[in-house]
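What follows is a single structure, written as structure tokens, with notes after it.
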Amino acid sequence: MVELFIHTQARLGELFAADAASRRGIMQQMYADGLVLCEPAGAATRIKQQHAEEALREGPGALAPATVESRRYALTDELDGLVDAADAVERLVVANVALSTAADLLFDHRRAWTGSGKWLPRRLLQADPEHGGAQLVQADEDTGRDVIHRFNEFGLAWLDPQWAGALHMPGAT
């Protein structure tokens, strides 16, 4: 399959900025990995090397501290929700939200690009090859319980040692 994307340099700058703001790096990844078919003035190679590849290496900027605190609270709330989930469907849904929230915290801590769908596990493993996969569990009857046990095994401490411990409320130390 071949997809063709045509952008002006000005528009591409806007797209890169939007992706940086969303922390996803989609266009940067496409330009870094894509095959240039035609470039009479060498602009595509410059964009690839000077903008896309560099942006991917640098990663997104840090989240605001208040955002990190809010996500940490949301994660502990979701993990608490797993304990009360009434059935496998509830556990699966809550575990998915907990996984996404924990992944966001890991991505921020590692200054790594986020992902969703098939890109979530890929980006988790890029961000932290040793522990990124620990967040990935197989969906089955015990998914919620498995997520709790796997997360407790590594806990918030593997995101950042200062976060060791269980529940966290915004503003608490």
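The values are calculated or read from the model by the stated rules, or taken from the named source; none is laboratory data. These figures come from a predicted structure and were not determined experimentally. Note: ideal-geometry Cβ built from the backbone for every residue, glycine included; neighbour counts use all protein chains shown. Note: accessible area is taken over every heavy atom of the protein model, side chains too, but ligands, DNA and RNA are not part of it. Shrake-Rupley method; radii C 1.70, N 1.55, O 1.52, S 1.80 Å.
One table, with the values for the structure above:
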quantity	calculated
Test: residue 129 is open to solvent by 20 Å² or more (accessible area, probe 1.4 Å), within 28 Å of residue 27 (Cβ to Cβ), free of Cβ contacts under 8 Å to residues at least 24 places away in the same chain and out of contact with any helix residue (DSSP H, G or I) (no Cβ under 9 Å at 6 or more places or on another chain)	yes
Of all residues making up region 45-62, the number that are of a type outside the set (D, E, K, R) and touching a Phe, Trp or Tyr at 6+ places or on another chain (Cβ under 9 Å)	7
Flag if residue 47 is farther than 22 Å from residue 110 by Cα and assigned to a helix (DSSP H, G or I)	yes
Near pairs, Cβ below 6 angstrom, 6+ apart or cross-chain, from region 4-30 (without any contact (Cβ under 8 Å) to a residue 12 or more places away in the chain) to any residue that is buried (at least 18 other Cβ atoms within 10 Å of the Cβ) and of a type in the set (A, V, I, L, M)	19/27
Filter result for residue 26 (open to solvent by 60 Å² or more (accessible area, probe 1.4 Å), in contact with a helix residue (DSSP H, G or I) (Cβ under 6 Å, 6 or more places away or on another chain) and either within 23 Å of residue 106 (Cα to Cα) or aliphatic (A, V, I, L, M) (or both))	yes
Selected residue [open to solvent by less than 20 Å² (accessible area, probe 1.4 Å) and within 19 Å of the chain's Cα centre (by Cα)] from 93, 97, 68	68
Given (1) more than 23 Å from residue 123 (Cα to Cα); (2) free of Cβ contacts under 8 Å to residues at least 60 places away in the same chain; (3) part of a helix (DSSP H, G or I); (4) open to solvent by less than 70 Å² (accessible area, probe 1.4 Å), index of the condition residue 39 fails	(3)
From the options 20, 52, 32, residue that is at pLDDT 90 or above, open to solvent by less than 70 Å² (accessible area, probe 1.4 Å), within 20 Å of residue 114 (Cα to Cα) and among the aliphatic types (A, V, I, L, M)	20
Number of the condition not met by residue 114 [criteria: (1) assigned to a helix (DSSP H, G or I); (2) buried (at least 17 other Cβ atoms within 10 Å of the Cβ); (3) among the polar types (S, T, N, Q)]	(1)
Odd one out for residue 102 among (1) touching a residue at least 60 places away in the same chain (Cβ under 8 Å); (2) crowded, with 18+ Cβ neighbours inside 10 Å	(1)
Any hit, region 75-86, residues being open to solvent by less than 50 Å² (accessible area, probe 1.4 Å), modelled with pLDDT of 85 or more and within 26 Å of residue 25 (Cα to Cα)	yes
